[in-house]
Ligand code: BG6
Ligand code: MG
């Protein structure tokens, strides 16, 4: 039986609900340039890099040809400034239900833990949540050239953890993230709705349903 050696987590929407802050900040930016977005459209932004998210937002509002590269940089910076204001509120109380126990249980089992977040703000959020000690390696997203759904970020995490991909489990709340995990040859745990994350190898509706013994069992039966 193949044994699991590492679990690699996404951050936004899995460890903490910063996905809601990204949405709020994009919604505000969109409104300022006449583009309305809703939660359904926002699913397409989850897991996706800042600049690619902006491109998707502009296409959604049919304004993809209305801004120069420099103006786009400014728009993305404005979104990020708003996001940074919102994450100032993040404290350890914002760790999603079940996550702390999961990290403790994985550690106690002697399994490595990594993080593969597309966010350039990941280190700051991890610091505010006070969970850095649980992670053996956190990928610096500014060193990743291809965003999710490309598997690069998960492969990078596995390499740094010195674990073969086939012995890694990835945990994600975004469709692009599930695709990235599976593209890396890893077992994908999804957190969210079956309509969006139906391709996950094991899916739970929310983080409170994540249990290490159950995840391990599913991995072994895969
Ligand atoms: C991902 C989020 O984790 O990070 C996306 O799911 C976000 O919504 C992306 O766009 C990039 O984040 P940041 O903080 O670098 O703009
Ligand atoms: Mg996410």
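The values are calculated or read from the model by the stated rules, or taken from the named source; none is laboratory data. On a predicted model such as this, the values are computed, not experimentally measured, just so you know. Heads up, the Cβs are rebuilt from the backbone with ideal geometry, glycines too, and the neighbour counts pull from every protein chain shown.
A quick yes/no check of all residues on (1) within 16 Å of ligand 2 (Cβ to nearest atom); (2) modelled with pLDDT of 95 or more; (3) under 30 Å from residue 222 (Cα atoms); (4) in a helix (DSSP H, G or I):
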{"residue": "8", "(1), (2), (3), (4)": "yes, yes, yes, no"}
{"residue": "21", "(1), (2), (3), (4)": "yes, yes, no, yes"}
{"residue": "51", "(1), (2), (3), (4)": "no, yes, no, yes"}
{"residue": "62", "(1), (2), (3), (4)": "no, yes, no, no"}
{"residue": "77", "(1), (2), (3), (4)": "no, yes, no, yes"}
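If you go through the stretch 104-126 and keep only what is within 21 Å of residue 214 (Cα to Cα) and either within 16 Å of ligand 2 (Cβ to nearest atom) or under 16 Å from the mean Cα position of the chain (by Cα) (or both), you end up with 113, 114, 115.
Every condition in (1) surrounded by fewer than 20 Cβ atoms within 10 Å (Cβ to Cβ); (2) within 16 Å of ligand 2 (Cβ to nearest atom); (3) not in a helix (DSSP H, G or I) holds for residue 46 except the one numbered (1). Only residues that are over 12 Å from residue 8 (Cα atoms), surrounded by 20 or more Cβ atoms within 10 Å (Cβ to Cβ) and touching a helix residue (DSSP H, G or I) at 6+ places or on another chain (Cβ under 7 Å): list them for the stretch 145-177, please. 148, 151, 173, 175 - these are the residues of the stretch 145-177 that are over 12 Å from residue 8 (Cα atoms), surrounded by 20 or more Cβ atoms within 10 Å (Cβ to Cβ) and touching a helix residue (DSSP H, G or I) at 6+ places or on another chain (Cβ under 7 Å). Among residues of the stretch 32-52 that are away from ligand 1 (no atom under 13 Å from the Cβ), those with a Cβ under 7 angstrom from a residue that is at pLDDT 95 or above, sequence gap 6+ or separate chain, pair up as 33/63; 34/61; 35/57; 35/60; 35/61; 35/63; 36/30. Within the stretch 79-93, the residues that satisfy the criterion of being touching a residue at least 12 places away in the same chain (Cβ under 8 Å) and assigned to a helix (DSSP H, G or I) are 79, 80, 82, 83, 84, 86, 87, 92.
Out of the residues in the stretch 1-31 that are surrounded by fewer than 18 Cβ atoms within 10 Å (Cβ to Cβ) and in contact (Cβ under 8 Å) with a residue 40 or more places away in the chain, which is farthest from ligand 1 (Cβ to nearest atom)? Show your work before the answer.
Step one: of the stretch 1-31, the residues surrounded by fewer than 18 Cβ atoms within 10 Å (Cβ to Cβ) are 1-3, 5, 17, 20, 24, 28, 31.
Imposing the further condition that a residue be in contact (Cβ under 8 Å) with a residue 40 or more places away in the chain reduces the set to 1-3, 5, 17, 24, 28.
Working: 1: 33, 2: 29, 3: 29, 5: 24, 17: 11, 24: 11, 28: 14 Å.
Among those residues, the one meeting the criterion is 1.
For the stretch 105-126, which positions are outside any loop (DSSP other than H, G, I, E, B), free of Cβ contacts under 8 Å to residues at least 24 places away in the same chain and over 30 Å from residue 27 (Cβ atoms)?
Passing the criteria: only 108.
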